[in-house]
Every structure is written in C-alpha cells, then in structure tokens.
Amino acid sequence: MSLPIGVLISGTGTNLQAIIDKIEQGILDAKIKVVISNNPSAFGIKRAKDHNIPCEVIDHRKFPSREDHEKRVVEVLESSGAQVIVLAGYMRLLSKFIINKFSNRILNIHPSILPSFKGIEAQKQAFDYGVKISGATVHFVDEHLDHGPIIIQSAVSVLDNDYISLANRILKTEHRIYPQAIQWIAENRIKIVGRKVEVKDLGKKKFADISDLQPCIINPPLEEGF
Ligand code: GRF
C-alpha cells in the first residue's frame, strides 16, 4: 500500500509539487490524502487542486488559540487517513499536541545544514554569516525548532555576492531530497536510534545522477529516480 501522507503548506508549494511529480512518475510510493494550508492565498493550494488532491484551508487567524487551530488540523489529518505529516514550507510552529499525536511521523525540510541557521530566512542567515557551504536538511520534527533527527542533507557551495543563486540551488536540492526521504519511510527503511537516523539497505539500489546539481554533496546518496 502506498504511504498515506498529509502535506502542510503556507506558501508557493514547490516542495509539494516535487512530491506530486515523483508520485505521478511512479517513483515515490506515497498518496497525498490531504493538503492543508493555513494561508488562504498560498499558491500551493492551486497545485493541489490541479492534481485533484483534497485540499483544506485552515486559517489560523480564524481560531481563538493555537490549540484550537491545531485541533482542527489534527481532525482533518486523521479523517483523511494520513499516517505521516510532511511540512512543506509550513510557517507555523507545531505544539506538543500534534507532535505527540504523530510521534516520529512528522517530517520537515529546512534550507540550511542543521544545526546551523535555524528559523526563518535560513539561506539569508547563512549567506550573511559568510559560510562557504550551505544546503538543506530533511529531519523528523520534535518539540524544538528545526531540531529532530536528521534523515538526509544536501550541501552546495556559497558563491560570492550571489544570494539569489544560492537560494535557488538549495531549493533545487530540496526537491530531490524530500521525495527521497519520504520514499525511505514508505519502504520502511528508516530506523531512528536516539538522534541518529539509519537508512537500511543503502547501496542495494543504483544511485541517482546528480550532475545537474554540481557542485553538491548529498548524504545519504539519492537512489535512482530521485
Ligand atoms: C523551503 O525553502 C523549505 O525549505 C522551507 O520553506 C520553503 C518552502 O518552499 N521550509 P515551497 O513552499 O516548498 O516552495
């Protein structure tokens, strides 16, 4: 059975699109049961609708408290049948309520090499700091911001005076590593040991060609198709 997932968005939804594309190509064995946006004008809503994916706007401003908003989000996720929650540019902090309900079943993607540059505008933080390498991280979500066990990371070079290119190159790697991380979960190949995440049977499949992303390091390596 395909892995039933719920995707939470707030904005443009390019990661959502990358996930949809890999599912439609038959490479990612998941089914998006529902897309939830807290932002009624998120472009990602159109992406879901264009692909006939159930989509619900749950505008946090219409709820008296964070807890009430999250209760509704959980209701919609549970009734959709989603087993794993994928945060794809979701700009709300999750409380313990939702994290405990979906323990070790919530994923996030963050545009830096964690634990560096947590929080918003991570690409800009890295660029302004002057690091020479930055990238992206897919991790499990725990109660701390951008903190849970790391599944996969990509690393790209920071070029002089080229913030826009850096942000774009990081995003391009995000679209490759996020579907891959979800596929490992779909294949039941992920084991969490404390802070460490092990991916079973690496090397049994061919690795992907990432020459279009060079210079770039992705670890664990992407498998064919991703
Ligand atoms: C991405 O950079 C992601 O890492 C961060 O928010 C951005 C979302 O982009 N969490 P998109 O909405 O998927 O295009």
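The values are calculated or read from the model by the stated rules, or taken from the named source; none is laboratory data. Worth saying up front: this structure is predicted, and the values here are computed from it rather than measured. Positions of Cβ are generated from backbone atoms using ideal geometry, with glycine treated the same way; all protein chains shown enter the neighbour counts.
Which residue, of Ile23, Ile45, is over 14 Å from the mean Cα position of the chain (by Cα), at pLDDT 95 or above, of a type in the set (A, V, I, L, M) and more than 15 Å from the ligand (Cβ to nearest atom)?
Criteria check complete, one pass: Ile23.
Of the conditions (1) under 27 Å from Ala82 (Cα atoms); (2) touching a residue at least 60 places away in the same chain (Cβ under 8 Å); (3) surrounded by fewer than 20 Cβ atoms within 10 Å (Cβ to Cβ); (4) of a type in the set (S, T, N, Q), Gln183 clears all except one; give me its number.
Failed condition: (3).
Between a residue in the range 19-48 that is of a type in the set (Ser, Thr, Tyr) and any residue that is within 12 Å of the ligand (Cβ to nearest atom), which pairs come within a Cβ distance under 7 Å, given they are 6 or more apart or on different chains?
Ser37/Ile9; Ser37/Ser10; Ser37/Gly44; Ser37/Ile45
Given the criteria surrounded by fewer than 22 Cβ atoms within 10 Å (Cβ to Cβ) and within 15 Å of the ligand (Cβ to nearest atom), does Phe63 qualify?
The answer is no for Phe63.
Name the single residue that is nearest to the chain's Cα centre (by Cα) among those in the range 60-112 being of a type in the set (Asp, Glu) and over 14 Å from Val35 (Cα atoms).
Among residues in the range 60-112 that are of a type in the set (Asp, Glu) and over 14 Å from Val35 (Cα atoms), the one nearest to the chain's Cα centre (by Cα) is Glu70.
Taking the range 86-123 only, how many residues are part of a helix (DSSP H, G or I), within 11 Å of the ligand (Cβ to nearest atom) and in contact (Cβ under 8 Å) with a residue 40 or more places away in the chain? Spell out how you get there, then give the answer.
Step one: of the range 86-123, the residues part of a helix (DSSP H, G or I) are 96-101, 122-123.
Okay, now just the ones that are also within 11 Å of the ligand (Cβ to nearest atom), so 122-123.
Next, only the ones that are in contact (Cβ under 8 Å) with a residue 40 or more places away in the chain stay: 123.
Within the range 86-123, residues that are part of a helix (DSSP H, G or I), within 11 Å of the ligand (Cβ to nearest atom) and in contact (Cβ under 8 Å) with a residue 40 or more places away in the chain number 1.
Of all residues in the range 124-150, which are part of a loop (DSSP other than H, G, I, E, B), in contact (Cβ under 8 Å) with a residue 12 or more places away in the chain, within 30 Å of Val76 (Cα to Cα) and more than 10 Å from the ligand (Cβ to nearest atom)?
Val141, Asp142, Glu143, Leu145, His147, Gly148, Pro149 - these are the residues of the range 124-150 that are part of a loop (DSSP other than H, G, I, E, B), in contact (Cβ under 8 Å) with a residue 12 or more places away in the chain, within 30 Å of Val76 (Cα to Cα) and more than 10 Å from the ligand (Cβ to nearest atom).
Residues of the range 161-206 being over 18 Å from the mean Cα position of the chain (by Cα), within 16 Å of the ligand (Cβ to nearest atom) and not hydrophobic (A, V, I, L, M, F, W, C), which ones?
Tyr163, Ser165
Pick from the range 48-59 the residues that are surrounded by 15 or more Cβ atoms within 10 Å (Cβ to Cβ) and closer than 22 Å to Glu78 by Cβ: which of them is nearest to the chain's Cα centre (by Cα)? Explain how you work it out, then say what you get.
So the first thing to find is which residues in the range 48-59 are surrounded by 15 or more Cβ atoms within 10 Å (Cβ to Cβ), and the list is 48, 51, 53, 55-56, 58.
Next cut, closer than 22 Å to Glu78 by Cβ only: 48, 53, 55-56, 58.
Numbers: Ala48: 16, Ile53: 18, Cys55: 18, Glu56: 19, Ile58: 19 Å.
Out of the qualifying residues, it is Ala48.
Within the range 63-85, track down each residue that is farther than 17 Å from Ala30 by Cα, in contact (Cβ under 8 Å) with a residue 12 or more places away in the chain and of a type outside the set (Val, Ile, Thr).
Selection gives Arg66, Glu67, His69, Glu70, Lys71, Arg72.
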